[in-house]
Amino acid sequence: MSKAQPTLFDFKADAEGDEQPEQDTEAQSQREAAGWRVEPPRCQCGADLLEWHSKAEARRMVRQFGDADGEAIACPSCTSYSHPSGEMTGVARAVRISDRQSTVEPLSASEEAAARYREGGR
């Protein structure tokens, strides 16, 4: 005896039964409703990233190279580039050549031993 395969009607019926009450979208801010900031993506220095990237690419640069405030950490306008090959092409290259310091501090020997012990001695 074979089971019947589910159809789109079955999925629709299941989805209708699981519906949550509609949320009031007017109570949401524009950022929450859109999923990103309304103003254009910017660097910490205040430069508009749309000068070097499309809107989607600029938002991706902020997600990838952004800080807690939702701004990129470097851009061609605030990073000096003294290579004879030409101008800087975008945020990714600016971040790569910018003079950044890591905020990660190495573990002491006792902290490393405690971490290994917690992980099962790997």
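Taking region 29-50 as the region of interest, how many residues are at pLDDT 85 or above, open to solvent by 60 Å² or more (accessible area, probe 1.4 Å) and under 10 Å from Val62 (Cβ atoms)? Going through region 29-50 one residue at a time, the tally reaches 1.
You will find that of Met61, Met88, the residue that is out of contact with any Asp or Glu (no Cβ under 9 Å at 6 or more places or on another chain), at pLDDT below 80 and open to solvent by less than 50 Å² (accessible area, probe 1.4 Å) is Met88 and no other. Contact map, region 65-76: first residue under 9 Å from Gln44 (Cα atoms), second residue of a type in the set (Val, Ile, Thr) and open to solvent by 40 Å² or more (accessible area, probe 1.4 Å), Cβ cut-off under 6 Å, separation 6 or more or different chains; pairs are Asp67/Ile73. Against the test of being at pLDDT below 85, in a loop (DSSP other than H, G, I, E, B) and open to solvent by 90 Å² or more (accessible area, probe 1.4 Å), the options Glu26, Glu105, Glu16 yield a single qualifying residue, Glu105. Screening Ala74, Ala114, Ala68 for residues that are at pLDDT 85 or above and either part of a helix (DSSP H, G or I) or exposed (fewer than 11 other Cβ atoms within 10 Å of the Cβ) (or both) leaves exactly one candidate, Ala114.
The values are calculated or read from the model by the stated rules, or taken from the named source; none is laboratory data. What you are looking at is a predicted structure, and each value in this text was computed from that prediction instead of being measured. Note that each Cβ is placed from the backbone with ideal geometry, even for glycine, and that neighbours are counted across all protein chains shown. We work out accessible area using only protein heavy atoms, side chains counted, and drop any ligands, DNA or RNA first. Shrake-Rupley method; radii C 1.70, N 1.55, O 1.52, S 1.80 Å.
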